[in-house]
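Beneath this line is the structure, given in structure tokens, with notes to follow.
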Amino acid sequence: MVALLSYHPRDVSANAVPHNQPALNWIGPFGAWMAYGCFLTLGAAAFVLPVVLFFVGVGCFFEMFAYLRRRWVWAVVLLICCMGLLDIYRHYLGGLERNLGVVAGGILGRNLNQHLFSECFGAVGATIIFLMLYFISLLFLTNFQLGDWVRALWSRRPRAGGKAVTEEQALEQRARELQQQARKLQEEVDRAGLGADMQPVPKPTVRDLSVPEANKAARGRKAAAASPAPEPAPADEGEVIPAHEVAAATTAEVLGQPPEPVADSAEARAAGDKAETAA
């Protein structure tokens, strides 16, 4: 790029005799001849070549421009379009040709128009083709999303009523829709009896918070003390057991011997009657 910008036609012996000694080109004689070769081949389109090569090189190091490594063909198409357009309208670029010492579109642009584009399509048709290919190549090289841009432009068009849909209005409409959805979800949760943690809500309990817990406990103790003690139940009446049923065991019964037959005499009956009387 530096050699192209500092190019002077008289630095090259092919353009002037004698040529500049030393060369005025900032890169010296090498830069002068390199710039002359680029201008002779590509014409003024040579100024586009360093820019394209720069971005393709940047794509090798930065992911942001990595797509340019796969689209170098469109860079070539861009150069061809520039050369063709410059050659078609070279009659209006006389000053540029005098400064460069070459034709405006270079040797390639001149041959493309003479044998292909201008020969087959004429100046107007070739111009339309070159412009179309030029803008297509720019779309691919800049990664410009034309479809998204057209859709965004179409969405901002005025409506039938003459009111333009602004971004703020669209956001407000979206907010209202979200509020309606949230309200519907809340109603469904309320009908299902679920809380915010999606767990069943327990039944509510009523508590009197106007009375402290200590007063309630003291009131309970007073009520318990004031309640009358229950009357004692009447004692059960004793059962009278006859004396002959509680008579002392005999020696034979204690030793496990069979009892001797007791004579049914008047003395035994008299002894029993005395015992009953004593009881």
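Some values worked out for this structure:
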item	result
Residues 149, 33 arranged by fewest to most Cβ contacts within 10 Å	149, 33
Ordering of 60-73, 173-186, 121-134 by packing [mean C-beta count within 10 Å, highest first]	121-134, 60-73, 173-186
Pairs of Cα atoms farther than 26 Å apart, region 2-155, %	39
Ranking of 24, 78, 146, 141 by count of other Cβ atoms within 10 Å, fewest first	146, 24, 141, 78
Residue 148/residue 116 FRET efficiency (R0 35 Å; Cβ-Cβ; nearest 0.05)	0.50
Cβ-based exposure ranking for 83, 34, in which fewest neighbours within 10 Å come first	34, 83
Where labels lie 7 Å past Cα in the beta-carbon direction, separation of residue 170 and residue 41 in nm	4.8
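Read-outs: derived from the displayed coordinates by stated rules, not from any lab. Remember, predicted model here, so these are calculated numbers, not experimental data. Because the Cβ atoms are built from the backbone with ideal geometry, glycine has one as well, and the counts that use them run over all protein chains shown.
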